[in-house]
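Enquirer: Take a look at the following structure, please.
The values are calculated or read from the model by the stated rules, or taken from the named source; none is laboratory data. These figures come from a predicted structure and were not determined experimentally. Cβ sites come from the backbone with ideal geometry, for glycine too, and all protein chains shown count toward neighbours.
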Amino acid sequence: MAVPAGGVLGSLTAVSAASSTDAWAVGATDPGPNGFGQHPLAFHWNGAGWVQVPVPVIDSRYWPGIAASETISAVSDLSPTDAWAAGNEEVEQSGMQHPIVWHWNGHVWAPVSTRGFTGLWTSVMAIVAQSPRDVWVGGFIPVGCELAFHWNGRRWANVNVDPTAPRPLPCDGDSIVALSAAGPRDLLAVGGSVWGTWALRWNGTTWGQTPVPTLPNARPFQVQLWGVDAVNSHDAWSVGGGSECGTFVGCTYPPPIVEHWDGHQWTPVATDGLGPSILHSVSMAFATDGWAVGTAYPTHALSAPLIVHWRRGRWSLVDVGASALHDTLAAVADVSPRLAWAVGYQSPIPRQPFRDQRTLILEWDGRSWHSSG
């Protein structure tokens, strides 16, 4: 069905576009009164509008007959007949979860076996596909080990992301939350831990850590990188942010983190004019034009959507209008300087997760951002 102007009950967490007539926005339905009972959501852009497409709820082989929520965390769109999505199944009030992967064949979304993934506590947050036989999924287990899995067209393999450390322990709180590919032998992964930001690079054989320096204003906040996108092997961007929360005073936020990768090292980039905020996602269709989206926190009790534009060698804040207060933008995808989408959710109550949220899709037409239908 077509997406109604006000959205549907639920939230969108990711968007990926293969062309101006082929894009996917994914997330989950609004949960029930107990906070569970979510189901996967997917909307397809066909060049004329967004259409909701069914995603099958998996009949769990781990917890048959037990109430569970199923959500989609990430999506990677290759073509009208080849797209991938990854998410998680979580058992009600237990915290136990297991990853789910779906594949779009041009007609239906179908589950892909996740045999080969690690344990019942695995959570996946990122996916990037370069072909039907080359798909990466990233995530973590709750005790704090980052995880990466590779699909070769037949099966998944658990790939060690830190060859210098024994697995499964010790762990240091790391998690992979975003992936991007500059080529078959060149992938970037970003995330964070209790120790701060970090990034990994795949060279075709092994994963290795790449140091991520931050600007002084990011300290002493607990910060991490939330999004990454590569233009090519020598030009990539990553964004993120952090906070410091107290029991009685709420949370304090520094300006967002923006990092640039030149093929050898990450360099922090100043974000002049951006106040307390977090950037969740970045998309760079071209080296000279790209977008990052997130959430701004003008006060302890107020949040608002944040959109910044990379153009003419600098990041600039874009006005999204006062009517967008309390909306949250989780992801962005651009296909040209005149076409991009940002997705998230509308919330009638500020900072109240899972309370009557409605899906939100914004479109950039080369001049302004507006609701996309």
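Enquirer: In segment 293-316, which residue that is within 18 Å of G366 (Cβ to Cβ) and among the aliphatic types (A, V, I, L, M) is surrounded by the fewest Cβ atoms within 10 Å (Cβ to Cβ)?
Expert: Looking at the filtered set, the residue picked out is I307.
Enquirer: Next up: Does segment 71-94 contain any residue that is at pLDDT below 95, among the β-branched types (V, I, T) and within 17 Å of the chain's Cα centre (by Cα)?
Expert: Within segment 71-94 (the criterion being at pLDDT below 95, among the β-branched types (V, I, T) and within 17 Å of the chain's Cα centre (by Cα)), the answer is yes, since at least one residue qualifies.
A quick yes/no check of all residues on (1) of a type in the set (S, T, Y); (2) modelled with pLDDT of 95 or more; (3) over 23 Å from N203 (Cα atoms); (4) touching a helix residue (DSSP H, G or I) at 6+ places or on another chain (Cβ under 8 Å):
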{"residue": "L225", "(1), (2), (3), (4)": "no, no, no, no"}
{"residue": "A230", "(1), (2), (3), (4)": "no, yes, no, no"}
{"residue": "G242", "(1), (2), (3), (4)": "no, no, yes, yes"}
{"residue": "G246", "(1), (2), (3), (4)": "no, no, yes, no"}
{"residue": "V249", "(1), (2), (3), (4)": "no, no, yes, no"}
{"residue": "P256", "(1), (2), (3), (4)": "no, no, yes, no"}
{"residue": "H260", "(1), (2), (3), (4)": "no, yes, no, no"}
{"residue": "H264", "(1), (2), (3), (4)": "no, no, no, no"}
{"residue": "V269", "(1), (2), (3), (4)": "no, no, yes, no"}
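Enquirer: Give the number of residues within segment 22-46 that are loosely packed, with under 13 Cβ neighbours inside 10 Å and at pLDDT 95 or above.
Expert: 1
Enquirer: Of the residues A157, A129, which single one is aliphatic (A, V, I, L, M) and exposed (fewer than 15 other Cβ atoms within 10 Å of the Cβ)?
Expert: Going through A157, A129 in turn, the sole match is A157.
Enquirer: Going by the structure shown, is T206 modelled with pLDDT of 70 or more, of a type in the set (S, T, Y), under 20 Å from H280 (Cα atoms) and more than 19 Å from the chain's Cα centre (by Cα)?
Expert: No; evaluated as a whole, the condition is false for this residue.
Enquirer: Please find, within segment 266-291, the residue that is farthest from A25 (Cα to Cα) out of those that are hydrophobic (A, V, I, L, M, F, W, C) and not in a loop (DSSP other than H, G, I, E, B).
Expert: W266
Enquirer: Looking at R367, R355 in this structure, which one is in a loop (DSSP other than H, G, I, E, B), more than 20 Å from the chain's Cα centre (by Cα), surrounded by fewer than 22 Cβ atoms within 10 Å (Cβ to Cβ) and at pLDDT 90 or above?
Expert: R367
Enquirer: Within segment 233-240, is there a residue that is more than 17 Å from the chain's Cα centre (by Cα), at pLDDT below 90, of a type outside the set (S, T, N, Q) and not in a strand (DSSP E or B)?
Expert: no
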